[in-house]
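Structure record follows, encoded as structure tokens.
The values are calculated or read from the model by the stated rules, or taken from the named source; none is laboratory data. Just so it is clear, the model here is predicted, and its values are computed rather than measured. Because the Cβ atoms are built from the backbone with ideal geometry, glycine has one as well, and the counts that use them run over all protein chains shown.
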């Protein structure tokens, strides 16, 4: 079966438990249609680059799935109809990366990265 990665943004006024409940709900929709969720991550509330439906922030969730295209289409259809889901992105991948996603990894270099000292001008 094809491998997919999904990112979902839910409304900011939901609680963490409700946002994780959405992920579980859509995981069951996928499994009912013959697919399976390989891994799921809840990234938390993050600030968006621009407002979506008058919201500045949103609950981000990430799913790695192994499912037929019909199951993915049904899950996406239900996500787009759900009032609490603002955006959905689905990407077909050749293989899933092992371990946590980039969003979940801590930055080893710190917040500013590896910056050299500025010279006086």
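Residue-wise test of (1) in contact with a strand residue (DSSP E or B) (Cβ under 8 Å, 6 or more places away or on another chain); (2) within 21 Å of residue 56 (Cα to Cα); (3) at pLDDT 90 or above.
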residue: 9; (1), (2), (3): yes, yes, yes
residue: 19; (1), (2), (3): yes, yes, yes
residue: 22; (1), (2), (3): yes, yes, yes
residue: 25; (1), (2), (3): no, no, yes
residue: 31; (1), (2), (3): yes, no, yes
residue: 35; (1), (2), (3): yes, no, yes
### Task
Please go through region 25-48 and pick out each residue that is touching a residue at least 40 places away in the same chain (Cβ under 8 Å), surrounded by 15 or more Cβ atoms within 10 Å (Cβ to Cβ) and part of a strand (DSSP E or B).
39, 41, 43
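With the structure loaded, tell me whether residue 86 is assigned to a helix (DSSP H, G or I) and surrounded by 14 or more Cβ atoms within 10 Å (Cβ to Cβ) or whether it fails that test.
Against the criterion (assigned to a helix (DSSP H, G or I) and surrounded by 14 or more Cβ atoms within 10 Å (Cβ to Cβ)), residue 86 does not qualify.
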### Task
Considering only region 49-74, state which residues are crowded, with 16+ Cβ neighbours inside 10 Å and touching a residue at least 60 places away in the same chain (Cβ under 8 Å).
64, 65, 67, 72
## Note on the structure
Flagged in region 97-114 as surrounded by 11 or more Cβ atoms within 10 Å (Cβ to Cβ) and either under 14 Å from the mean Cα position of the chain (by Cα) or at pLDDT 95 or above (or both), in numbering order, are 100, 101, 103, 104
